[in-house]
Amino acid sequence: MKYLSFLSGLTVLPIGLVIAASAQAQDLWPTFNGNLQAQKFSPADQITPENVHELEVAWEVHTGDVSTGANGRPVSAWSATPIFANDTVYLGTPFYRIFALAPDTGEVKWVYDSDALLEGLTQNILKSRGVAYWEAENPADGQPCQKRVYIGTMDAKLHSVDADTGEACAEFGTGGILDVNTWNTTNNKWPLSLFQPPTVFEDTLVLGWAGKDWADTVAPPGNVFGIDARTGDLKWTFNPIPADMTDLTGTANVWASMSVDPEAGIVYLPVSSPSPNFYGGDRLQPIPLASSVTALHIETGDLVWSRQLVHHDIWDYDTNAAPTLIDIEQDGKTIPALVQTSKQGFLYVLNRMTGEPIFPIEERPVPASTAQGEQASPTQPFVSVPEPVTDPEWPGVYWLADLAGGGYCSRTAENLVYEGPFTPPSLEGTIVYPPTSGGIEWGGGAVNPETGTYIVNSSNIVQIYKLIPREEFDKIEAGGTEVAGFFPMSGSPYGFELRAFLNPIGMPCWNPPYGTMSAYNINTGELLWRKPFGQVQQWGFYMPADWGSVTFGGPLLTSSGVIFIGASMDRRVRAVSEQTGEVLWKANVDANSVAIPATYTYQGKQYVVFVAGGNSFVAPGVSDQVIAFALPD
Amino acid sequence: MNASFFQRWSPCVVALGAAVGLIISIINYFTPGNGISGTPGALLVIGSTLAILLAATVIWFLAGRLSWIGGTLFVLILLGILGTAFAGYLLESAWLPVTMAVCLAGWLTGLVPAFSRATA
């Protein structure tokens, strides 16, 4: 479903582009995705496919902000993109502190402590995707806070800090702290957790948030806030849930990063699914903005257009990454486009001014639900070009896993429901491929705007979705105690069990590869290459390279044709050839680099920086390591 | 060189390879940032190289006495060598399979007395 309501009102903003928009020219890395267009592209060309093998550690920092889950404190998960601006590398940690580092030595310039509550208020994990950077277009001489860094906390506080000194900016909110939860007025069941830093354009911060997934039927609606970057005043609120449905549902929030077309003044939101995530029988009315990519005018929050990517979402197919903005060349014409990745493995290539597809999107019939009360959508949108990152059918039982599990995999598969893509959750248990874990996760893709080569890493995961009647579920969670893998969806007739399809010794039951990297010519939609990426590491043992790895985190791409990426389940970071997909270099780090790396050039030298913080969802082991690589002098 | 020479030196070569393998495994386990530090796999090869070392030492002390114990340990050592080499390969610890190759060479020399008796 598509909405177009504001295009005629667009104005080309005359104001000079902010620092993020001109990042490429200055070889900075001032935003979560490298630039506002979420291209994750750098013009840096000092490190090439020919010399990348010479990379060595330039500097390394340990922040001390790491938790193994001991002492009652939740385990940490660190997915911050290092930000390079103002001749400084800025990092937000999972303890919600900001580190300002010298870009050439890693020397700590200052540290800001938000004194955030380190408790699992919404998610039982201490999570951060870092910080955002802003600077005044016309800085006032001698005044503080003309350049700022922002960090959010799990308890819904947004902090504004002077980028030069690390002091709080008093004019922002109250003493430099904005309590976003004061705007959490509908279905206020938990705080609006600010794991993802805001998107910054000119003097506006666009702020989404994360919540407590899979817990409730009725939850806070996924309001997105436009905020004055200087004062913290609320400029606008965008609500994706119809007003007459807030008693039935909630969320459809924007928990991932966003992108901005600076010339059009449009912000693009990846909007997640409504609650409860796996049963929609109590929210049968259309929620057209849920599970969508949505364009808003950044100054007003007015809707420009929206395209729903999953109808009546009952798979938790959140749109989960900032769309990548790129101008596509077709038949001698330049088309302003975006590429929206998805958990369901499709790449939606749309005209970013109108939301109209550039490559066809086809509505195809999909299986009906067998759960009482549920009415699955009869059709769903499918994309054939570019070729999806996952196969249309689930990979089937892997003989080795079946053998190692004494036939468990094949026996289990026989008793599960699977009727192809978009098979609804069932009481018997449904094979879902790709599932809520992706497909493509929040790291999204990278594009070389000069060549139109689009790079994306993806996972081939099979999960089992099972609805459990309320009475039976209440026995499982007797006394309200949470049981791993079980989620209450309180207020609906069903609880829910979600688990990966593993054999008894923890081996995936489905055929490898478990993860790949793909390269496309985004002008034509042609798949250039696809290769298994990363390695599964179990108990320290590396599994065969052609199995690939599940990945969380994204790539970056340089103009010299080198892809840098962590993301895999092994504790390694890699450089990959844009041309061939061949791994050119790899290095060990302390934990999984479940993040997007950054690259920048400082005093004539190119650096590549990875955060290796780990995420227990991907693999055991956490760390507080920031590590920079560069060529020898 | 007669058969007793091989009987005497075989466990020494095995023990030498296992000792070096043990040192490498301990370093692997405690060196941060090598990709396998602190992992159960790295711990496992510490245990297996230590077991090979101890078994080779026992065989050396037995010096042909209590042949059923020596024979059993001799077979177990082979399994340990092969298993540790495979584990080292999966851990991508390049030197560990090399040390197990040394152990295997020592183990094979231990077969010489048996061949000698068979061909006498």
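The values are calculated or read from the model by the stated rules, or taken from the named source; none is laboratory data. Keep in mind it's a predicted model, so treat the numbers as computed, not measured. Neighbour counts run over all protein chains shown; Cβ positions are idealised from the backbone, glycine included. To get the accessible areas, we keep the full protein, side chains included, count just its heavy atoms, and leave off ligands, DNA and RNA. Shrake-Rupley method; radii C 1.70, N 1.55, O 1.52, S 1.80 Å.
Numbers at a glance
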read-out: From the options A:Asn51, A:Asn124, A:Asn35, residue that is farther than 21 Å from A:Asp155 by Cα and touching a residue at least 24 places away in the same chain (Cβ under 8 Å); value: A:Asn51
read-out: A:Pro493 in contact with a helix residue (DSSP H, G or I) (Cβ under 8 Å, 6 or more places away or on another chain), on the phi < 0 side of the Ramachandran plot and not hydroxyl-bearing (Ser, Thr, Tyr); value: yes
read-out: Any chance A:Leu416 is of a type in the set (A, V, I, L, M) and farther than 22 Å from A:Pro504 by Cβ; value: no
read-out: Residue in the stretch A:359-381 that is part of a strand (DSSP E or B), more than 28 Å from A:Pro240 (Cα to Cα) and open to solvent by 40 Å² or more (accessible area, probe 1.4 Å) present; value: no
read-out: The stretch A:560-575 - residue that is within 20 Å of B:Gly33 (Cα to Cα) and assigned to a loop (DSSP other than H, G, I, E, B) and, of those, farthest from the other protein chains (Cβ to nearest Cβ); value: A:Ala567
read-out: Residue match in the stretch A:576-584 (condition: open to solvent by 10 Å² or more (accessible area, probe 1.4 Å) and within 14 Å of chain B (Cβ to nearest Cβ)); value: yes
read-out: Of all residues in the stretch A:330-353 being open to solvent by 30 Å² or more (accessible area, probe 1.4 Å) and in contact (Cβ under 8 Å) with a residue 24 or more places away in the chain, the one that is farthest from the chain's Cα centre (by Cα); value: A:Gln330
read-out: Residues within the stretch A:56-77 that are assigned to a loop (DSSP other than H, G, I, E, B) and either surrounded by fewer than 19 Cβ atoms within 10 Å (Cβ to Cβ) or polar (S, T, N, Q) (or both), tallied; value: 6
read-out: Qualifying residue in the stretch A:609-629 (condition: outside any loop (DSSP other than H, G, I, E, B), open to solvent by 10 Å² or more (accessible area, probe 1.4 Å) and either more than 14 Å from every other protein chain (Cβ to nearest Cβ) or within 20 Å of B:Leu91 (Cβ to Cβ) (or both)); value: no
read-out: Candidate set: the stretch A:465-480, residues that are surrounded by fewer than 24 Cβ atoms within 10 Å (Cβ to Cβ) and among the aliphatic types (A, V, I, L, M); chosen: the one nearest to A:Gly561 (Cα to Cα); value: A:Ile468
read-out: In the stretch A:87-111, the residues that are over 30 Å from A:Ala484 (Cα atoms) and touching an Asp or Glu at 6+ places or on another chain (Cβ under 8 Å); value: A:Leu101, A:Pro103, A:Gly106
read-out: Breaking point among (1) in contact with a Ser or Thr (Cβ under 8 Å, 6 or more places away or on another chain); (2) surrounded by fewer than 18 Cβ atoms within 10 Å (Cβ to Cβ); (3) at pLDDT below 95, for A:Asp633; value: (1)
read-out: Residue check for B:Gly38: open to solvent by 10 Å² or more (accessible area, probe 1.4 Å), touching a Pro at 6+ places or on another chain (Cβ under 9 Å) and modelled with pLDDT under 95; value: yes
read-out: Criterion (assigned to a helix (DSSP H, G or I) and crowded, with 18+ Cβ neighbours inside 10 Å) met by exactly one of B:Trp107, B:Trp68; value: B:Trp107
read-out: Criterion: at pLDDT 90 or above, within 14 Å of chain A (Cβ to nearest Cβ), open to solvent by 70 Å² or more (accessible area, probe 1.4 Å) and over 9 Å from the mean Cα position of the chain (by Cα) - qualifying residue of B:Ala85, B:Ala94; value: B:Ala94
read-out: Any hit, the stretch A:547-559, residues being within 14 Å of chain B (Cβ to nearest Cβ), assigned to a loop (DSSP other than H, G, I, E, B) and modelled with pLDDT of 95 or more; value: yes
read-out: Qualifying residue in the stretch A:210-232 (condition: in a strand (DSSP E or B), open to solvent by 10 Å² or more (accessible area, probe 1.4 Å) and of a type in the set (D, E, K, R)); value: yes
read-out: Residue check for A:Gly534: within 14 Å of chain B (Cβ to nearest Cβ), of a type in the set (Gly, Ala, Ser) and outside any strand (DSSP E or B); value: yes
read-out: Subset of the stretch A:1-55 (residues that are part of a strand (DSSP E or B) and either open to solvent by less than 40 Å² (accessible area, probe 1.4 Å) or modelled with pLDDT of 95 or more (or both)); value: A:Trp29, A:Phe41, A:Ser42
read-out: Enumerated strands (runs of 3 or more DSSP E) restricted to the stretch A:407-524, each holding at least 2 residues that are within 18 Å of A:Ser342 (Cα to Cα); value: A:445-448, A:453-459, A:515-521
read-out: Residue in the stretch A:130-143 that is more than 22 Å from the chain's Cα centre (by Cα), surrounded by 16 or more Cβ atoms within 10 Å (Cβ to Cβ) and either of a type in the set (D, E, K, R) or at positive phi (or both) present; value: yes
read-out: Qualifying strands (runs of 3 or more DSSP E) (wholly inside the stretch A:78-176; at least 2 residues being at pLDDT 95 or above and more than 22 Å from A:Asp624 (Cα to Cα)); value: A:132-135, A:147-152, A:157-162
read-out: Single residue of the stretch A:504-531 satisfying the filter (of a type in the set (Gly, Ala, Ser) and buried (at least 21 other Cβ atoms within 10 Å of the Cβ)) that is nearest to the other protein chains (Cβ to nearest Cβ); value: A:Gly515
read-out: Filter result for A:Gly540 (open to solvent by 10 Å² or more (accessible area, probe 1.4 Å), on the phi > 0 side of the Ramachandran plot and either of a type in the set (Asp, Glu) or more than 22 Å from the chain's Cα centre (by Cα) (or both)); value: no
read-out: Residues satisfying the stated conditions in the stretch B:33-69, i.e. of a type in the set (Gly, Ala, Ser), more than 14 Å from chain A (Cβ to nearest Cβ) and under 14 Å from the mean Cα position of the chain (by Cα); value: B:Ala51, B:Ala55, B:Ala56
read-out: Of residues in the stretch A:585-608 being aromatic (Phe, Trp, Tyr) and farther than 24 Å from B:Asn28 by Cα, the one nearest to the other protein chains (Cβ to nearest Cβ); value: A:Tyr607
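Yes/no matrix, rows are residues, columns are (1) at positive phi; (2) open to solvent by 30 Å² or more (accessible area, probe 1.4 Å); (3) part of a loop (DSSP other than H, G, I, E, B); (4) among the β-branched types (Val, Ile, Thr):
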site: A:Lys235; (1), (2), (3), (4): no, yes, no, no
site: A:Tyr268; (1), (2), (3), (4): no, no, no, no
site: A:Thr300; (1), (2), (3), (4): no, yes, yes, yes
site: A:Ala321; (1), (2), (3), (4): no, no, yes, no
